[in-house]
Amino acid sequence: MKRFLSRLMPFLLAACACGQNPAEAPDGYGDSDFADYSSVALKSEITQVRPMTGIVLWAESSAIRKDWVTMEFAYMLYSDVCKERDSFDWSPVEKILDAAKARGHQAVVRFRYTYPGYSCAVPDYIKALDDYEALWAKAEGRNTEYPDWRCAELQRFHKEFHRRFADKYDSDPRLAFLETGFGHWAEYHVYDGKFIAGRTFPSKDFQAEFLAAMDGWFMETPWCISIDAADDTYGPFHKDPSLLGLRFGNFDDSFMCEDHDGYNCDSWKFFGQDRYRRAPLGGEFSYYSDYDQKHCLDAGGMYGRKFEDEAAKFHMTFIIGNDQPGKQTDARIKEAAMSMGYRFRIDAFRVKPGTGAAVKISNTGVAPIYRDAFVAVDGKKGEYSLKNLMPGESVWIRIDSPDFSESSVLTIECGHLVPGQAIQFEAG
């Protein structure tokens with residue numbers, strides 16, 4: 001379901017420095033600062049996949065209510081939301097988000113224009129303009145309509161659509177992540193199709209303008225683009241390396257493929273090996289062959305690689321695995337899903353009656369959490385956001401209150417959850 005490119009790309013050294021340092025530990029606390037606090041016995045286990053992590057299914061999947069599902073993926077069409085200039089009907093989006101919420105899940109959404117074998121999802125009012133010319137061509141053996149990116153109104157619409165989407169959904173807990181891009185399936189490539197720079201694929205100058213604007217519109221919702229944007233044929237990053245400083249994540253739609261150590265790995269490296277510090281990394285299991293889908297989650301791995309090791313190597317937070325319920329057991333899928341994303345452990349919980357509490361927490365996962373989350377004692381939250389806690393790091397958090405006691409209850413609170421979700425932690 002993507003390109004088969006073989007050439008390797010030159011890489012920009014600046015890409016390896018795109019990470020953002022986490023916030024310093026609150027006041028630089030250490031164990032000795034709370035020596036006169038009493039330790040509180042705490043025992044807790046992580047038994048479920050954490051919210052906003054794991055293996056994602058399409059909403060239509062018969063396995064959508066499995067206990068290891070936390071997110072649902074949806075392709076959406078621009079033309080379903082907009083019929084007339086500056087008139088946006090968000091009801092198709094609401095339907096997707098409400099359905100996910102009703103199942104205790106969140107949504108990963110991707111809008112697209114081009115899908116091999118189908119008409120283009122450019123709004124009809126734009127297609128009717130005098131300076132817009134429809135173009136049909138073969139893509140993967142099927143008649144396919146491509147957008148006309150020469151049209152000024154299409155460019156304006158594309159930016160306005162995302163600005164309005166951000167205005168409406170940027171802080172919506174029903175939305176986990178947004179994927180965006182151009183080309184086939186919005187995956188930043190036109191494999192076996194009609195590629196004309198500036199015509200069937202937007203110019204690099206327009207891409208740079210759009211991506212920079214996205215960085216300002218989406219202040220809370222993490223957004224991702226395909227690793228195929230690393231290819232200078234399509235993406236603007238070789239022309240304008242400063243774009244690597246934007247806060248986007250990446251997705252890889254042929255994860256675990258046989259030659260992943262080549263093109264795919266080089267593309268990941270191009271965007272910076274510490275990009276996970278600022279934005280989520282995700283993808284989809286490879287559809288290059290039936291073998292890939294059947295064996296990508298084998299406990300012993302395939303092609304000499306085990307999924308859990310690859311998830312750790314690339315700091316993966318989520319991956320689309322819609323076919324996996326027919327290939328693997330629920331137990332194996334859940335095991336793999338739980339290997340992704342953040343994972344919190346409470347190393348110490350201490351209380352000083354009349355003063356407050358101190359909590360030492362570690363992130364033992366492979367990525368941070370990408371929304372604000374806080375340690376709380378009896379409902380009172382600490383000031384340190386756990387999204388700053390990187391894998392392998394720990395921090396002491398002090399929460400002052402004269403009301404805390406050894407019977408106080410510790411939780412992890414996050415405002416970006418839907419009903420039924422909770423962030424479990426390990427302790428004891």
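Rundown of residues vs (1) β-branched (Val, Ile, Thr); (2) within 30 Å of residue 98 (Cβ to Cβ), yes/no style:
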position: 331; (1), (2): no, no
position: 358; (1), (2): no, no
position: 361; (1), (2): yes, no
position: 364; (1), (2): yes, no
position: 386; (1), (2): no, yes
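Of everything in segment 122-166, what is more than 22 Å from residue 110 (Cα to Cα), without any contact (Cβ under 8 Å) to a residue 24 or more places away in the chain and surrounded by 17 or more Cβ atoms within 10 Å (Cβ to Cβ)? Give them in sequence order.
Scanning segment 122-166 gives a single hit, 132.
May I ask you to list the residues in segment 43-77 that are among the small types (Gly, Ala, Ser) and more than 15 Å from the chain's Cα centre (by Cα)? I'd like the intermediate steps shown before the answer.
Going through segment 43-77, the residues among the small types (Gly, Ala, Ser) turn out to be 44, 54, 59, 61-63, 74.
Those that are among the small types (Gly, Ala, Ser) and more than 15 Å from the chain's Cα centre (by Cα): 44, 59, 61, 62, 63.
With a cut-off of at least 2 residues that are within 14 Å of residue 54 (Cα to Cα), name the helices (runs of 4 or more DSSP H) lying wholly within segment 283-402. Spell out the reasoning first.
Numbers: elements: 290-295, 307-313, 330-337.
The helices (runs of 4 or more DSSP H) meeting that bar are 307-313, 330-337.
Limited to segment 211-244, what total is found for residues that are in a loop (DSSP other than H, G, I, E, B) and among the small types (Gly, Ala, Ser)? Let's see the steps before the verdict.
Step one: list which residues in segment 211-244 are in a loop (DSSP other than H, G, I, E, B), which gives 218-222, 231-240.
Narrowing the set further to residues that are among the small types (Gly, Ala, Ser) leaves 235.
Of the residues in that region, 1 qualify.
Quick check, is residue 266 surrounded by fewer than 20 Cβ atoms within 10 Å (Cβ to Cβ) and assigned to a loop (DSSP other than H, G, I, E, B)?
Numbers: surrounded by fewer than 20 Cβ atoms within 10 Å (Cβ to Cβ): yes; assigned to a loop (DSSP other than H, G, I, E, B): no.
Taking the combined requirement at face value, the residue does not satisfy it.
Taking the conditions exactly as written (more than 28 Å from residue 233 (Cβ to Cβ), touching a strand residue (DSSP E or B) at 6+ places or on another chain (Cβ under 9 Å) and surrounded by 15 or more Cβ atoms within 10 Å (Cβ to Cβ)), does residue 109 satisfy them or not? Write out each step before concluding.
Numbers: more than 28 Å from residue 233 (Cβ to Cβ): no; touching a strand residue (DSSP E or B) at 6+ places or on another chain (Cβ under 9 Å): yes; surrounded by 15 or more Cβ atoms within 10 Å (Cβ to Cβ): yes.
When the stated conditions are applied, residue 109 does not pass them.
Just a yes or no: is a residue in segment 395-418 within 30 Å of residue 273 (Cα to Cα), at pLDDT 95 or above and of a type in the set (S, T, N, Q)? Walk me through how you get there before you give the answer.
Pass one, segment 395-418, residues within 30 Å of residue 273 (Cα to Cα): 395-397, 412-417.
Going one step further and asking which of them are at pLDDT 95 or above, we end up with 395-397, 412-417.
Then drop every residue that is not of a type in the set (S, T, N, Q), which leaves none.
No: zero hits.
With respect to residue 215, is the statement that it is on the phi < 0 side of the Ramachandran plot, within 17 Å of the chain's Cα centre (by Cα) and open to solvent by 20 Å² or more (accessible area, probe 1.4 Å) true? Outline the logic, then answer.
Details: on the phi < 0 side of the Ramachandran plot: yes; within 17 Å of the chain's Cα centre (by Cα): yes; open to solvent by 20 Å² or more (accessible area, probe 1.4 Å): yes.
Criteria met by residue 215.
Counting only residues that are under 28 Å from the mean Cα position of the chain (by Cα), give me the strands (runs of 3 or more DSSP E) lying completely in segment 108-210 with at least 3 of them.
On the way: elements: 135-139, 142-146, 175-179.
In segment 108-210, the matching strands (runs of 3 or more DSSP E) lie at 175-179.
Which of the residues belonging to segment 81-106 are part of a loop (DSSP other than H, G, I, E, B) and open to solvent by 70 Å² or more (accessible area, probe 1.4 Å)?
Kept after step one, since they are part of a loop (DSSP other than H, G, I, E, B), are these residues of segment 81-106: 85-86, 89-90, 103-105.
The answer is 85, 89.
Hey, can you tell me all the residues within segment 172-201 that are open to solvent by less than 20 Å² (accessible area, probe 1.4 Å) and touching a Gly at 6+ places or on another chain (Cβ under 9 Å)?
Across segment 172-201, the qualifying residues are 177, 179, 183, 184, 187, 188, 189, 190, 200, 201.
Which of the residues belonging to segment 372-386 are within 19 Å of residue 46 (Cβ to Cβ), touching a Lys or Arg at 6+ places or on another chain (Cβ under 8 Å) and surrounded by 21 or more Cβ atoms within 10 Å (Cβ to Cβ)?
373, 375
Can you name the residue in segment 47-80 that is open to solvent by less than 40 Å² (accessible area, probe 1.4 Å) and in contact with a Pro (Cβ under 6 Å, 6 or more places away or on another chain) and, of all such residues, is nearest to residue 371 (Cα to Cα)?
Keep residues of segment 47-80 that are open to solvent by less than 40 Å² (accessible area, probe 1.4 Å), which gives 49-57, 59, 61, 63-64, 68-74, 76, 78-79.
Those left that are additionally in contact with a Pro (Cβ under 6 Å, 6 or more places away or on another chain): 63, 70, 79.
Working: 63: 27, 70: 15, 79: 30 Å.
Across segment 47-80, the extreme among qualifying residues is 70.
Checking residue 413 against (1) open to solvent by less than 60 Å² (accessible area, probe 1.4 Å); (2) under 25 Å from the mean Cα position of the chain (by Cα): exactly one of these is not met. Which one?
(1)
Out of the residues in segment 248-283 meeting the condition of being under 13 Å from residue 314 (Cβ atoms) and among the acidic types (Asp, Glu), tell me which one is nearest to the chain's Cα centre (by Cα).
Of everything passing the filter in segment 248-283, 252 is nearest to the chain's Cα centre (by Cα).
Being touching an Asp or Glu at 6+ places or on another chain (Cβ under 7 Å) and touching a residue at least 24 places away in the same chain (Cβ under 8 Å) narrows it down to one residue among 333, 320, 423; which is it? Let's see the steps before the verdict.
Details: 333 fails: touching an Asp or Glu at 6+ places or on another chain (Cβ under 7 Å); 423 fails: touching an Asp or Glu at 6+ places or on another chain (Cβ under 7 Å).
The match here is 320.
The values are calculated or read from the model by the stated rules, or taken from the named source; none is laboratory data. As the structure is a computational prediction, the values presented were derived from the model and not from experiment. Neighbour counts run over all protein chains shown; Cβ positions are idealised from the backbone, glycine included. To get the accessible areas, we keep the full protein, side chains included, count just its heavy atoms, and leave off ligands, DNA and RNA. Shrake-Rupley method; radii C 1.70, N 1.55, O 1.52, S 1.80 Å.
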